[in-house]
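Have a look at the structure below before the remarks.
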Amino acid sequence: MSNTAVLEGVLERITYANEENGYTVARVDTGRGAGDLLTVVGSLLGAQPGESLRMEGRWGSHPQFGKQFTVENYTTILPATIQGIRRYLGSGLIKGIGPVMADRITTHFGVDTLDIIEQHPKRLVEVPGLGPKRTKMIAAAWEEQKAIKEVMVFLQSVGVSTSIAVRIYKKYEDASISVVKNQPYRLAADVWGIGFLTADRIAQAVGIPHDSPERVKAGLQYALSQSTDQGHCFLPEERLIADGVKLLQVDTGLVIDCLAELAEDPEGVVREKVPGPEDGQPVTAVYLVPFHRAEISLAAQVQRLLRTPEDRMPGFQDVDWEKALAWLARRTGATLAPEQEAAVRLALSKKVAVLTGGPGCGKSFTVRSVVELARAKNAKVVLAAPTGRAAKRLSELTGAEASTVHRLLELKPGGDAAYDRDRPLDADLVVVDEASMLDLLLANKLVKAVAPGAHLLLVGDVDQLPSVGAGEVLRDLLADGGPVPAVRLTTIFRQAQKSGVVTNAHRINSGVPPLTQGLDDFFLFVEDETEDAGVLAVDVAARRIPAKFGLNPRRDVQVLAPMHRGPAGAGHLNGLLQQAITPGRPDLPEKRFGGRVFRVGDKVTQIRNNYDKGENGVFNGTVGVVTALDADEQKLTVLTDEEEEIAYDFDELDELAHAYAMTIHRSQGSEYPAVVIPVTTSAWMMLQRNLLYTAVTRAKKLVVLVGSRKAIGQAVRTVSAGRRCTALDFRLRGGTVEDSSEKMIDQNGGKHH
């Protein structure tokens with residue numbers, strides 16, 4: 001290229017960066033003085049403010065921004081002037097050095113600063129206020145920075161964005177380049193944030209052929225793991241093959257051969273005949289190994305609990321129920337309705353039982369009664385729920401300690417539980433609330449930890465959305481002909497009939513549109529245009545509800561959207577709500593990351609399971625508030641709903657999203673005083689009865705719908721047709737399909753997960 005130019009300068013600030021493709025807009029100081037900054041655009045991934053860059057590219061001009069330089073590639077050069085060095089060190093590039101410390105170090109060593117850090121880092125103790133501990137940390141950070149740079153340059157040559165490059169480096173360190181070159185598909189399995197598509201792009205760049213079996217197998221496993229993200233525990237073989245052909249663009253024969261190879265591999269996939277999700281006709285199911293193990297194990301454990309002859313609460317086998325219930329009525333000041341009484345007797349006399357029903361039907365009072373009676377007989381009762389909020393509520397209700405399932409099982413880094421079949425929980429009765437949220441993997445861990453002879457009571461509303469993770473555990477346990485006894489509460493209590501929230505939840509659930517007039521706790525603001533509905537929802541949540549009902553917009557009001565995308569989706573509304581509730585101020589620390597800005601006071605949520613954070617991991621859906629931001633240490637602190645302080649390094653911020661608005665799916669198991677729900681025709685595909693029902697039942701006091709009557713009608717009418725692919729109900733009924741490999745798996749598969 002003849003017209004390639006070279007530009008050198010100090011990167012002052014990044015004004016825009018697209019994490020996906022690395023497109024960056026930045027301002028560079030070319031040293032012409034007079035604070036003259038130049039705009040550069042292109043791929044600058046990995047460059048940090050304060051670094052001196054040597055950029056190759058071409059000059060051009062932009063109709064709006066004037067002259068600019070388009071970067072084709074760049075290298076970093078160490079800055080030569082004291083002022084450049086000071087900027088470079090103070091940019092937050094190296095943990096432990098902020099602007100103040102950078103100033104001190106450069107004042108002391110001048111132009112030789114970088115040589116000193118590189119060659120004689122021990123001399124840093126000469127700087128006032130730098131002890132040996134901090135010196136060591138700086139030297140280590142510098143070394144790591146150099147190693148990362150090397151890896152970065154290579155990864156950039158194969159088109160990987162910085163934030164992902166940092167992660168690859170953290171995972172494999174010095175082996176990074178060799179893994180990326182030789183086993184790029186490992187990245188999809190090992191590194192969070194890299195899916196098959198990114199790994200595939202890298203593989204292509206390092207020259208792995210399109211039809212290599214490596215690629216096809218990785219693609220099939222990716223297709224299966226995508227389907228578990230959609231809630232399926234397996235896929236029918238035909239569907240997986242079709243998905244694979246579409247994803248990989250290779251011929252069907254190759255996909256079939258590679259699938260057969262995966263089925264031979266003990267860590268690959270498992271094939272087994274089970275009844276199909278739609279019509280119960282046998283299909284060949286293909287599972288990822290952990291999900292197959294968990295499904296077999298969960299069914300076996302439930303059967304085991306039900307069949308075991310021992311009983312840790314034998315007192316309830318021959319109890320005088322009339323006497324017991326009379327005592328209970330005196331103690332609680334209320335009598336149980338007949339179906340509640342049946343539920344109490346079931347939970348105390350059967351080893352495994354399920355209690356389900358909608359809001360206002362007395363599930364809570366029934367649970368409290370079970371706990372009171374069990375305690376009266378000196379039983380050890382353990383209470384848990386899948387989320388921090390739900391556990392808090394359970395605890396308030398029963399007056400006893402309740403914890404999240406993760407804490408109860410004491411999950412360790414990597415996700416193994418401290419309590420399992422070999423070391424069960426010391427409990428006579430285990431009660432789990434909000435059980436509709438239990439996915440297959442967590443339910444399996446939980447049931448495994450229940451001691452033989454102990455009683456397990458699962459409480460939840462089966463009409464809500466199923467769990468975020470794979471499986472439909474509560475529904476499968478309630479399936480007809482299954483072994484688990486259950487009670488469904490259907491009568492709405494008198495005091496609950498006065499609540500518009502409860503009345504409308506039941507109307508929606510039975511396919512009747514909600515009443516939106518004449519209620520003091522349920523409103524509809526009609527707004528047919530999606531964009532206007534989004535803006536109005538924000539105004540209602542941030543201004544109108546707080547003004548009229550005296551609620552705190554950050555703590556008490558939650559916007560719940562059917563989808564993430566679009567002008568009334570959770571993503572866009574989060575930006576608007578943040579501007580309204582936690583706007584930027586000069587004295588308020590903030591950190592830009594990708595397309596988001598995090599500020600102290602922000603309401604945030606964790607968006608992946610991370611077993612290495614906090615005491616027992618931090619889980620997808622945990623909500624909290626940002627309480628501190630430290631630019632020197634490059635850390636942000638979140639206080640979670642469970643009152644735990646969790647620190648995030650700046651390069652981990654893609655695990656957090658804002659939570660002023662969230663999707664209805666993510667709100668499961670949480671309750672909020674007030675809920676605002678944009679229901680617009682742009683979310684047409686998502687509008688289903690159980691979605692709207694779940695959103696409305698999240699509210700304790702107040703629901704405001706914003707949007708169109710047409711969209712609400714669509715949601716109320718539409719019953720979601722597609723069942724998730726699970727075979728738990730079949731296994732619970734002791735289902736067998738003429739397949740010998742199952743026995744083999746049963747013998748060696750019980751232990752691993």
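The values are calculated or read from the model by the stated rules, or taken from the named source; none is laboratory data. Fair warning: this is a prediction, and the values are worked out from it, not measured in the lab. In this analysis, Cβ positions are derived from the backbone assuming ideal geometry, glycine residues included, and neighbour counts consider all displayed protein chains. Accessible surface areas use protein heavy atoms only, side chains included; no ligands, DNA or RNA. Shrake-Rupley method; radii C 1.70, N 1.55, O 1.52, S 1.80 Å.
Among the helices (runs of 4 or more DSSP H) lying completely within region 172-264, list those that include at least 2 residues that are open to solvent by less than 40 Å² (accessible area, probe 1.4 Å) and modelled with pLDDT of 95 or more. Talk me through it step by step, then tell me what you get.
Values: elements: 176-182, 186-190, 196-205, 213-229, 237-248, 252-264.
Result: 213-229, 237-248, 252-264.
Is one or more of the residues making up region 275-297 at pLDDT 95 or above, open to solvent by 40 Å² or more (accessible area, probe 1.4 Å) and under 19 Å from Ala374 (Cβ atoms)? The answer is no; no qualifying residue exists. Here is a check on your reading of the model: is Arg304 touching a Pro at 6+ places or on another chain (Cβ under 9 Å) and of a type in the set (Lys, Arg)? Against the criterion (touching a Pro at 6+ places or on another chain (Cβ under 9 Å) and of a type in the set (Lys, Arg)), Arg304 qualifies. Considering the conditions (1) within 25 Å of the chain's Cα centre (by Cα); (2) of a type outside the set (Ser, Thr, Tyr); (3) within 24 Å of Arg389 (Cβ to Cβ), Asp420 is excluded by exactly one of them, (3). So in region 714-730, with the set limited to residues that are more than 21 Å from Gln230 (Cβ to Cβ) and in contact with a helix residue (DSSP H, G or I) (Cβ under 7 Å, 6 or more places away or on another chain), which one is least open to solvent (accessible area, probe 1.4 Å)? Checking each candidate, the answer is Val716.
Do we have any residue at all in region 648-669 that's surrounded by 21 or more Cβ atoms within 10 Å (Cβ to Cβ), part of a loop (DSSP other than H, G, I, E, B) and of a type in the set (Gly, Ala, Ser)? Yes, the conditions are met somewhere in region 648-669. Scanning region 600-625 for residues being open to solvent by less than 30 Å² (accessible area, probe 1.4 Å), in a loop (DSSP other than H, G, I, E, B) and over 16 Å from Met437 (Cα atoms) gives a total of 5.
The residues of region 310-340 that are free of Cβ contacts under 8 Å to residues at least 40 places away in the same chain and either open to solvent by less than 60 Å² (accessible area, probe 1.4 Å) or under 20 Å from Val354 (Cα atoms) (or both), listed by number, are Pro314, Gln317, Val319, Trp321, Leu325, Ala326, Ala329, Ala334, Leu336, Pro338. Look at Pro567 and say whether it is buried (at least 22 other Cβ atoms within 10 Å of the Cβ) and either touching a residue at least 12 places away in the same chain (Cβ under 8 Å) or within 29 Å of the chain's Cα centre (by Cα) (or both). No; evaluated as a whole, the condition is false for this residue. Within the bounds of region 373-381, is there any residue that is open to solvent by 20 Å² or more (accessible area, probe 1.4 Å), in a helix (DSSP H, G or I) and in contact with a Lys or Arg (Cβ under 9 Å, 6 or more places away or on another chain)? Yes, because at least one residue in region 373-381 is open to solvent by 20 Å² or more (accessible area, probe 1.4 Å), in a helix (DSSP H, G or I) and in contact with a Lys or Arg (Cβ under 9 Å, 6 or more places away or on another chain). For Ala449, the conditions (1) among the small types (Gly, Ala, Ser); (2) within 26 Å of the chain's Cα centre (by Cα); (3) open to solvent by 20 Å² or more (accessible area, probe 1.4 Å) all hold with the exception of (3).
Based on this model, can you work out whether Ile117 counts as assigned to a helix (DSSP H, G or I), within 33 Å of the chain's Cα centre (by Cα) and surrounded by 15 or more Cβ atoms within 10 Å (Cβ to Cβ)? Break it down stepwise before answering.
Values: assigned to a helix (DSSP H, G or I): yes; within 33 Å of the chain's Cα centre (by Cα): no; surrounded by 15 or more Cβ atoms within 10 Å (Cβ to Cβ): yes.
Considered against the rule, which asks whether it is assigned to a helix (DSSP H, G or I), within 33 Å of the chain's Cα centre (by Cα) and surrounded by 15 or more Cβ atoms within 10 Å (Cβ to Cβ), Ile117 comes out as no.
Quick check: anything in region 679-686 open to solvent by less than 40 Å² (accessible area, probe 1.4 Å), touching a helix residue (DSSP H, G or I) at 6+ places or on another chain (Cβ under 7 Å), at pLDDT 95 or above and not hydroxyl-bearing (Ser, Thr, Tyr)? Yes.
I'd like to check which helices (runs of 4 or more DSSP H) are fully inside region 470-545 and have at least 1 residues that are aliphatic (A, V, I, L, M) and surrounded by fewer than 22 Cβ atoms within 10 Å (Cβ to Cβ). Steps first, please.
Numbers: elements: 473-477, 494-497, 500-509, 530-539.
Those helices (runs of 4 or more DSSP H) span 494-497, 530-539.
Put simply, of Leu336, Leu348, Leu355, Leu306 the only residue that is in a loop (DSSP other than H, G, I, E, B), over 15 Å from Thr398 (Cα atoms) and not hydroxyl-bearing (Ser, Thr, Tyr) is Leu336.
The set of residues from region 278-290 being more than 10 Å from Ala727 (Cβ to Cβ) and either in contact with a strand residue (DSSP E or B) (Cβ under 9 Å, 6 or more places away or on another chain) or not in a helix (DSSP H, G or I) (or both) comprises Glu278, Asp279, Gly280, Gln281, Pro282, Thr284, Val286, Leu288, Val289.
Which of the following residues is farther than 22 Å from Glu652 by Cα, part of a helix (DSSP H, G or I), under 40 Å from the mean Cα position of the chain (by Cα) and not hydroxyl-bearing (Ser, Thr, Tyr): Ala165, Ala102, Ala147? Spell out the reasoning first.
Working: Ala165 fails: farther than 22 Å from Glu652 by Cα; Ala147 fails: farther than 22 Å from Glu652 by Cα.
The conditions single out Ala102.
Among Arg86, Arg58, Arg13, Arg32, which is at pLDDT below 80, open to solvent by 30 Å² or more (accessible area, probe 1.4 Å) and not aliphatic (A, V, I, L, M)? So that I can check it myself, show each step before the final result.
Values: Arg86 fails: at pLDDT below 80; Arg58 fails: at pLDDT below 80; Arg13 fails: at pLDDT below 80.
Sole residue among the options that is at pLDDT below 80, open to solvent by 30 Å² or more (accessible area, probe 1.4 Å) and not aliphatic (A, V, I, L, M): Arg32.
Against the test of being of a type in the set (A, V, I, L, M, F, W, C), touching a residue at least 12 places away in the same chain (Cβ under 8 Å), in a loop (DSSP other than H, G, I, E, B) and closer than 30 Å to Gln230 by Cβ, the options Leu446, Leu442, Leu425, Leu465 yield a single qualifying residue, Leu465. Could you tell me whether Gly415 is part of a loop (DSSP other than H, G, I, E, B), open to solvent by 10 Å² or more (accessible area, probe 1.4 Å) and touching a residue at least 12 places away in the same chain (Cβ under 8 Å)? Answer is no for this residue.
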